[in-house]
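In what follows, a single structure is set out as structure tokens and then discussed.
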Amino acid sequence: MRDIFARRKSDDESTDRSDETRADGGVARAGREKPGVVGRTRRALDRRFGEDFVESAPFWFPAFLLMALFVYGAILWNLVISLTDYEGFGLAGPDYSNLDFEMYVRAFNDSNVINASINTFVLVIGFTLTTLVVGLLLALLVDRGIRFENTFRTIYLLPMSLSFVVTAQFWLWMYNYDNGVVNIVLGTIGLGPIDWLGNQSIVLWAVIFALTWQFSGYAMVVYLAGLRAIPDDNYEAAMVDGASTVKMYWRVIIPQLKGATISASVVLMVFALKAFDFLYALVSGYRPPAGTDILATLMVREAYQNTNWAYGSTIAIILFVMALLIIGPYLIYQFRRDNL
Amino acid sequence: MAELELDSITKVFHDGDEEIVAVDDVSLTIEDGEFLVVVGPSGCGKSTTLRMVAGLESITSGAIRLGDDVINDVKSQDRDIAMVFQSYALYPHMTVQENMSFGLEESTGLSDDEIGARVEETASTMGIGDLLERRPDELSGGQQQRVALGRSIVRDPEVFLMDEPLSNLDAKLRAQMRTELQRLQEELDVTTMYVTHDQTEAMTMGDRIAILNEGELQQISSPLECYHAPANRFVADFIGEPGMNFFDVDREGDELVSELFTYPLSDWMVDDLGDTSELVFGIRPEDVSLVDVASAEHDFEAVVEVVEPMGDENTVHLHFAGHPDSSIVASVGGLQNVSQGEELAAHIPEEAIHLFDRQTGKVLHNRRLDSEEAVDATL
Amino acid sequence: MTKPDLKDDSNDERSKGTADGGRLPRLRKRFDYHRLGLYAVLLGIVAFYLAPIEAGLVTSLKTRTGVIETLPMSPPIYGEFSTASWIAAFDTLSRGLLNSALYAVPATVISAFIGSVAAYGLTQANWKRRYKATFLALFVAGIFIPYQAVLVPVTRFWSNYAQIEGLLTPLWLLGVDRDYTDLVELMITSIAYGIPICTILFRSYYKNMNIEMIEAARLDGASLRRIYRRIVLPLSTPMFAVVLIYQFTQIWNDLLFALVLIQSTSSDAAPAVLILSGLGVSQEGMNFSLQMAGALITALPTIAVYVMFSEEFSEGLAT
């Protein structure tokens, strides 16, 4: 039956041409390797983790090793140190034979730690929220199809390129009691002067304000990227539906910025946990203005000024757990959205 | 020398705890120098099959042989296989010349002069000799396509793999490249596996076509055999545009009975059917002819619903008289005058019908071919 | 040059869609009070963002009496103009600027390169999803770790376990001060902690690369290493710009590691931010003029990089 469908090509035409070219330098196909111990381990690893696990290893392994040692190894080591009683100068080092939770008991009863935890919490939440709101407003303004958009954006983002140390110098001067810009501006409307950095009850908010100045440009950039990803017809559809501008943003646009909000918040919260540099530079020392002591500054002070190494490590672990509470859910969220 | 054999290969993907069988026990052999087209609806496993041959996808079970060697564990870079991708996959930062030399530089010990000469020779046969200094983003889609082809040809590989290489071209260019590809393949005489979802490409280009559905090989044979002698209902449905008409029928003695019509069978038909009584009745649109009145036993009264004039022929959508929900499509000559609403009769000749087992989909009877005797006579 | 133009056009399109429609209303737009208000607000915000920097700049150019007697944001008047603070600040900081450059530049380049290679390896690797996700999660988490959590071990590591002073003997023979051991430690530390962010930035770039192109190169006979060298690396130039700029700013600006790894502000190897953090503080009170000059000098390199490459910088942030 099959023969009735004439094949269009006769096979006997085929020449040995391809063999000749092979002779002048074609690839000799690699023979199959005999699986030795290395080969078998390799197969086993590939089967366990997926194809190319071994072949791609030379590329990612050095980076992984450095990170594993410096980040995760160091955290484990830090955890162990926090279980010792290590303190003071000298090369003796921690005594690893006697591990207990003494430092943690001490930390939970230390009013400095509790106080710093509260301040950390206020700083993280206050800073993140204000920065997100300011950043979102900036993004919405810049996204209105303005002229010189790039210039405006560049200026709003400029503080982000500065070091915490530089920002601290600038705001130290801005907040100066007699000659600072803030008090002089407030003076023109009959307020102040206020001792921004000396008054314990407002100093933390002064710090948050300065940090918002530095980071709101970052939030703006993230939100702008989010806004640009929303198709134009969303705006048009809302217009056609007769929504007012405010309503359109509130009901249609802002809900679509959830992803941007989440990634920006994580970054900002973690920045706030690390705000050590700023507070250190404000006073050029380990003890930040009263009322702004956070876990990050307390940890460095305990370890490097008071040489209470184990106690500093304990505070560091508390700080790390706080960071983990932020990062963990974020990673799960990213995994669910297939971004990992 | 370079016969490509797929020996019951299977690919299982894991998605969490779920197992997805993308390719299910497919066996086929592509003879040396043969042009095999693998065709099927999207998600049928044709691309996965191709990628397993290329070494870009691991093989869950089964063996792939190139010549006498099993190549399952040979890395793709050592397989001496060239592939043309749907996106062309040209290296954007390299000129055409560099794109074409890359494979030779990486896989052979040829000197720069030899490589240059080979690239130039291939480029001029491909008609891209004057584009050698350009970069991919300075080329039109058709030119990029040629470069992608040239890049694989210049390496003179054992096997060519092509993954829907024409799908990004516009209709006219596609038709042109189709013939050109065929000519090239015939000239080079390289074993070729060509994956497409386009049945025109499948019908016109391949020496044989392999039809896949849901990971399983449905049929592998010459294009005309697939068309006229499909192995099952899926193939009959997939090949041909407009598609075959199908009706569920029950066999009662020497009649096929459906709610739409009763179709009497001749004795020679009855022998093919065996005991199966639940059948699917198939007829290709071009085998249905339209006559004014039902005058023979295989004529059925029908009403014209829509006429789509294509110029050379008219595609006529009808329903059986008294059954406005039914539907049958006929292709008739472009000059035959049929108009909407017209009442006439559809003639369904007995030689042209196909019958399938309704349960398994397997063919029980294929159409008779007039050419059967004619071809036999010439051989 | 055409790219910004195109962008502006599309913005115009959108504003047309939201504010007005058609061509004539677009001409009218210039006299639109809404838009006038919008620009006024935008300019007001500009003033807010530039105020601290402007105040810093004018203050740095004043004499000590000028700082006290004039408004902080008004330019120095005649007689109170002085570049003394700049000269003094530069004197104190020049060593730090050099040190910062000495460790920040190599650290930036090396961590970017390692990140690129690692991201390429991860992109190529066809692993099971849960392993790959775990792996990537480790890198992402590595970005966000508060460095306090590794500070004590890192200090112990460099002071007790990895004493590299001996390894650097050739440097000391050349007359380099031994304080620079600390700078080398700081550089390696910066590289290690820069790897997670660099890897993730490159990974997001490579994920969008045409996979068929890499596969084509594989079938062309290229090994993974050759593919990186000949295909991926040349195509990574735009992302290298982003990562280098971002990473340079980060390393240059970081105080924490410098503070704990460098012996003191007076060390020969002290980087600029470390010196700046103690600048202008003395027995007789703060010298704001000097502090502002110092802050501006320290910030100049990053501001310059930022202004030149603001697009790449914001791309690095948004990823």
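Worth a mention:
- When the residues of segment C:201-213 are filtered to those that are modelled with pLDDT under 90 and hydrophobic (A, V, I, L, M, F, W, C), the one that is least open to solvent (accessible area, probe 1.4 Å) is C:L201.
- Criterion applied to C:F90, C:F113 was being under 30 Å from C:L276 (Cβ atoms), hydrophobic (A, V, I, L, M, F, W, C) and out of contact with any helix residue (DSSP H, G or I) (no Cβ under 8 Å at 6 or more places or on another chain), and the one residue passing it is C:F113.
- Residue match in segment B:268-288 (condition: under 19 Å from B:N232 (Cα atoms) and more than 32 Å from the chain's Cα centre (by Cα)): yes
- Only one of A:V181, A:V133, A:V165, A:V124 that is within 12 Å of chain C (Cβ to nearest Cβ) and either polar (S, T, N, Q) or under 18 Å from C:I45 (Cα atoms) (or both): A:V181
- One residue from C:I275, C:I245, C:I251, C:I231 being farther than 19 Å from C:L201 by Cα, of a type outside the set (S, T, N, Q) and assigned by TED's automatic domain parsing to the domain that holds C:L201: C:I275
- Restricting segment C:166-175 to residues that are within 22 Å of C:S266 (Cβ to Cβ) and open to solvent by 50 Å² or more (accessible area, probe 1.4 Å), the residue that is farthest from the chain's Cα centre (by Cα): C:G175
- A count restricted to segment B:51-96 and to residues that are outside any loop (DSSP other than H, G, I, E, B), surrounded by 17 or more Cβ atoms within 10 Å (Cβ to Cβ), within 27 Å of the chain's Cα centre (by Cα) and more than 7 Å from chain C (Cβ to nearest Cβ) stands at 7.
Yes/no matrix, rows are residues, columns are (1) hydrophobic (A, V, I, L, M, F, W, C); (2) within 11 Å of another protein chain (Cβ to nearest Cβ); (3) in contact with a Pro (Cβ under 8 Å, 6 or more places away or on another chain); (4) assigned to a helix (DSSP H, G or I):
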{"site": "C:V41", "(1), (2), (3), (4)": "yes, yes, no, yes"}
{"site": "C:E54", "(1), (2), (3), (4)": "no, yes, no, yes"}
{"site": "C:N99", "(1), (2), (3), (4)": "no, no, yes, yes"}
{"site": "C:G121", "(1), (2), (3), (4)": "no, yes, yes, yes"}
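- In this structure, B:E120 qualifies as surrounded by fewer than 16 Cβ atoms within 10 Å (Cβ to Cβ), acidic (D, E) and in contact with a helix residue (DSSP H, G or I) (Cβ under 8 Å, 6 or more places away or on another chain).
- Every condition in (1) without any contact (Cβ under 8 Å) to a residue 24 or more places away in the chain; (2) surrounded by fewer than 24 Cβ atoms within 10 Å (Cβ to Cβ) is met by C:R64 except one, and the failing one is (1).
- Filtered residues of segment A:115-157 (kept if among the charged types (D, E, K, R) and either touching a residue at least 12 places away in the same chain (Cβ under 8 Å) or farther than 17 Å from A:G226 by Cα (or both)): A:D143, A:R147, A:R153
- Of B:D237, B:D250, B:D299, all but one fail to be modelled with pLDDT of 90 or more and under 25 Å from B:E342 (Cβ atoms); the exception is B:D299.
- Whichever residue in segment A:273-304 is among the aromatic types (F, W, Y) and closer than 20 Å to A:Q214 by Cα and, among such residues, is most open to solvent (accessible area, probe 1.4 Å): A:Y280
- Index of the failed condition, C:A89 passing every other in (1) in contact with a Ser or Thr (Cβ under 9 Å, 6 or more places away or on another chain); (2) more than 7 Å from chain A (Cβ to nearest Cβ); (3) open to solvent by 20 Å² or more (accessible area, probe 1.4 Å): (3)
- Neighbours by Cβ (under 8 Å, 6+ apart or cross-chain): first from segment B:117-130, without any contact (Cβ under 8 Å) to a residue 24 or more places away in the chain; second of a type in the set (G, A, S) and in a helix (DSSP H, G or I): B:E120/B:G129; B:G129/B:A123
- Candidates A:A44, A:A57, A:A68, A:A63 - the one that is within 12 Å of chain C (Cβ to nearest Cβ) and at pLDDT below 85: A:A57
- Within segment C:123-146, restricting attention to residues that are of a type outside the set (A, V, I, L, M, F, W, C), open to solvent by 10 Å² or more (accessible area, probe 1.4 Å) and at the interface with chain A (Cβ under 7 Å from one of its Cβ atoms), the residue that is farthest from C:I191 (Cα to Cα) is C:K128.
- Residue in segment C:158-165 that is touching a residue at least 40 places away in the same chain (Cβ under 8 Å), in a helix (DSSP H, G or I) and either open to solvent by 10 Å² or more (accessible area, probe 1.4 Å) or not assigned by TED's automatic domain parsing to the domain that holds C:D268 (or both) present: yes
- Hey, A:L268 more than 25 Å from C:L255 (Cα to Cα) and either buried (at least 16 other Cβ atoms within 10 Å of the Cβ) or of a type in the set (F, W, Y) (or both) or not: no
- Segment B:106-117, residues that are part of a helix (DSSP H, G or I), at the interface with another protein chain (Cβ under 9 Å from one of its Cβ atoms) and surrounded by 15 or more Cβ atoms within 10 Å (Cβ to Cβ): B:E106, B:S107
- Of B:D156, B:D163, all but one fail to be modelled with pLDDT under 90 and touching a helix residue (DSSP H, G or I) at 6+ places or on another chain (Cβ under 6 Å); the exception is B:D156.
- For segment B:195-216, a residue qualifies if it is in contact with a Gly (Cβ under 7 Å, 6 or more places away or on another chain) and in a strand (DSSP E or B), and the qualifying residues are B:I211, B:L212, B:N213.
- Every residue from segment A:305-321 that is more than 8 Å from every other protein chain (Cβ to nearest Cβ) and either out of contact with any helix residue (DSSP H, G or I) (no Cβ under 8 Å at 6 or more places or on another chain) or open to solvent by 10 Å² or more (accessible area, probe 1.4 Å) (or both): A:Q305, A:N306, A:T307, A:N308, A:I318, A:V321
- Breaking point among (1) in contact with a helix residue (DSSP H, G or I) (Cβ under 8 Å, 6 or more places away or on another chain); (2) facing chain A (nearest Cβ under 8 Å); (3) part of a helix (DSSP H, G or I), for C:L71: (3)
- Pair list, Cβ under 8 Å, 6 or more apart: segment B:339-352 residue open to solvent by less than 50 Å² (accessible area, probe 1.4 Å), other residue of a type in the set (D, E, K, R) and in a helix (DSSP H, G or I): B:I348/B:D287; B:P349/B:D287; B:A352/B:D287
- C:P153 falls short of the stated requirement of being within 11 Å of chain A (Cβ to nearest Cβ) and part of a loop (DSSP other than H, G, I, E, B).
- Residue list for segment B:224-245, filter: open to solvent by less than 10 Å² (accessible area, probe 1.4 Å) and part of a helix (DSSP H, G or I): B:C226, B:V235, B:A236
The values are calculated or read from the model by the stated rules, or taken from the named source; none is laboratory data. On a predicted model such as this, the values are computed, not experimentally measured, just so you know. Note that we place each Cβ from the backbone using ideal geometry, even for glycine, and neighbour counts take in every protein chain shown. Side chains are part of the model used for accessible areas, which takes the heavy atoms of the whole protein and leaves out ligands, DNA and RNA. Shrake-Rupley method; radii C 1.70, N 1.55, O 1.52, S 1.80 Å.
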